[in-house]
Amino acid sequence: MTTWRLIRSFPLAVQVLLINQLGVNIGFYLLIPYLAGYLGHDLGMSAALVGVVLGVRNLSQQGLFLIGGSAADRLGARRVIIAGCALRTVGFGLFALGSSLPVLLAASVLSGLAGALFNPAVRAYLAREAGERRAEAFSLFNVFANTGALIGPLLGSALVLIGFTTSALVAALVFALLTAAQIAVLPRRDVPPSRGTVLGDWRGVLGDKRFLLFTLALTGMFALQNQLYLVLPMEAARLTGSSGTVAAVFIVSTVAGLLLQVRITRYFQRTWSRGSTIAAGMALMGIAFLATLVAGFALPTATSVPDPVGVLLRLGPVLLATLVLTTGLMLAQPFVNDLIPSFGPNSLSGTYFGVFYLASGVTAAAGNAAIGWISDLAGTTAPWAPSALCLALGLVSAAAVALLQRRGLVGPEPAPRPGETACASTPTS
């Protein structure tokens, strides 16, 4: 089945959410990658103030995922998605219209809060609408998200030549159009009245030991995914002597996701159990850093930019690591999102996603801090050290998921659809 036919096989609500995610990532990535440069270069802010503005945005988003998830359960995912896109319209509009610190902080808070609202809500809505086909739906979700992440920076690089204000206005317009489209097209769904309190919902989710163990086991996924933005770019620059080669990391990761995500998910959905697939994906994400670990031992830091052939040879280990890391993520992520709502009732799926992605934000930040600290300590004498830590982290996470699978704590396997066989409890060749 081609990707296009697969998309059309889903209900209208799923198709709308896929297009929505494409637009969300286009709007986000055409602006945010250029925000730090605008604040520091155009507005002349100190590095500390730039860090404050960017940190407020991240904290507003990552710290409020639980609020967004609960709102989706209580008010309905559709309303929260619309509210989130509307808030980001206002937030990005403020980036265009104001240059004072209070206005920029308000823009950061609103744009971060917007992400905290619609990210858990979109996933909860998608999980409910896709039913037993959640893994396929989330694989398509990743494809559309990656496409938006590819188009957004390209569009942003053209618009920023005109001016950052233009980029911010175009981004705000994208979110305004998404808001209007969601109001017009996204199907309404009845929200059953809740019998408990929000605090009671939180206690219930946080008291779900199976879910908490699953979330803890997946901390490696959060931390390693972020190394596409830390360790691998650092290694690309170190080995080639040029920061311009960093773009190759993102190109390889994005193109691999676009070409392989759906194929990988459909194959492993038919032949492996979800827990085994996630464990294999985590193992691959760790093993990916063997390439940069070996390069850290074998290749010294470049003191000047080599010739084109030399650049390609030195960049090879980084691109191999990027490809293997991305493949591992493509294996694990759709099945992780598939499993999250299976731990509790449908009425709390937003809260479960909120807790999971709150944990992801905390562990990603902690992982980046630890890996950055190791990098500073190692310096040029042991450039392999961050890769060694990443390798260990991936293997430990893989072992933890495999242990949960063996003890039956990962979750029940979905019933096979007509014409398919049930997944085995262990991988098959």
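The values are calculated or read from the model by the stated rules, or taken from the named source; none is laboratory data. Computed from a prediction, not measured in an experiment: that's the story for all the values here. Please note: Cβ atoms are built from the backbone with ideal geometry, for glycine as well, and neighbour counts cover all protein chains shown. Calculation scope for accessible area: heavy atoms of the full protein, side chains included, ligands and nucleic acids excluded. Shrake-Rupley method; radii C 1.70, N 1.55, O 1.52, S 1.80 Å.
May I ask you to verify whether E136 is open to solvent by less than 30 Å² (accessible area, probe 1.4 Å), of a type in the set (D, E) and on the phi < 0 side of the Ramachandran plot? Yes.
Considered as a group, the residues in segment 183-205 that are of a type in the set (V, I, T) and at pLDDT 90 or above include one that is least open to solvent (accessible area, probe 1.4 Å), and that residue is V205. A223 fails exactly one of the following numbered conditions: (1) open to solvent by less than 40 Å² (accessible area, probe 1.4 Å); (2) free of Cβ contacts under 8 Å to residues at least 40 places away in the same chain. What is the number of that condition? Going through (1) open to solvent by less than 40 Å² (accessible area, probe 1.4 Å); (2) free of Cβ contacts under 8 Å to residues at least 40 places away in the same chain one by one, A223 breaks only (2). On inspection, V80 fails the criterion of being outside any loop (DSSP other than H, G, I, E, B), within 19 Å of the chain's Cα centre (by Cα), buried (at least 20 other Cβ atoms within 10 Å of the Cβ) and not basic (K, R). When G411 is tested against the conditions (1) surrounded by fewer than 18 Cβ atoms within 10 Å (Cβ to Cβ); (2) modelled with pLDDT under 80; (3) closer than 14 Å to R274 by Cα; (4) not charged (D, E, K, R), the lone failure is (1). Here L113 meets each of (1) open to solvent by 30 Å² or more (accessible area, probe 1.4 Å); (2) of a type in the set (A, V, I, L, M); (3) over 17 Å from the mean Cα position of the chain (by Cα) with one exception, condition (3). Within segment 158-182, the residues that satisfy the criterion of being farther than 13 Å from G27 by Cβ and open to solvent by less than 90 Å² (accessible area, probe 1.4 Å) are A158, V160, G163, F164, T165, T166, A180, Q182.
The criterion of at least 1 residues that are on the phi < 0 side of the Ramachandran plot and acidic (D, E) is met, among helices (runs of 4 or more DSSP H) falling completely within segment 260-363, by 308-339. Residues in segment 4-48 that are within 28 Å of I81 (Cβ to Cβ), surrounded by fewer than 16 Cβ atoms within 10 Å (Cβ to Cβ) and of a type in the set (S, T, N, Q): S9 alone.
Among residues of segment 78-94 that are within 16 Å of F164 (Cα to Cα), those with a beta-carbon under 7 Å from a residue that is β-branched (V, I, T) at least six positions away or on a different chain give the pairs T89/T179; L94/V103. Is it the case, given these coordinates, that A291 is closer than 23 Å to N146 by Cα and either in contact (Cβ under 8 Å) with a residue 40 or more places away in the chain or out of contact with any strand residue (DSSP E or B) (no Cβ under 6 Å at 6 or more places or on another chain) (or both)? Answer is no for this residue. Checking each residue in segment 166-186 for being among the β-branched types (V, I, T) and under 15 Å from Y34 (Cα atoms) picks out T166, V170.
So is S304 open to solvent by 10 Å² or more (accessible area, probe 1.4 Å), at pLDDT below 90, of a type in the set (G, A, S) and over 24 Å from the mean Cα position of the chain (by Cα) or not? For S304, the condition - open to solvent by 10 Å² or more (accessible area, probe 1.4 Å), at pLDDT below 90, of a type in the set (G, A, S) and over 24 Å from the mean Cα position of the chain (by Cα) - is met.
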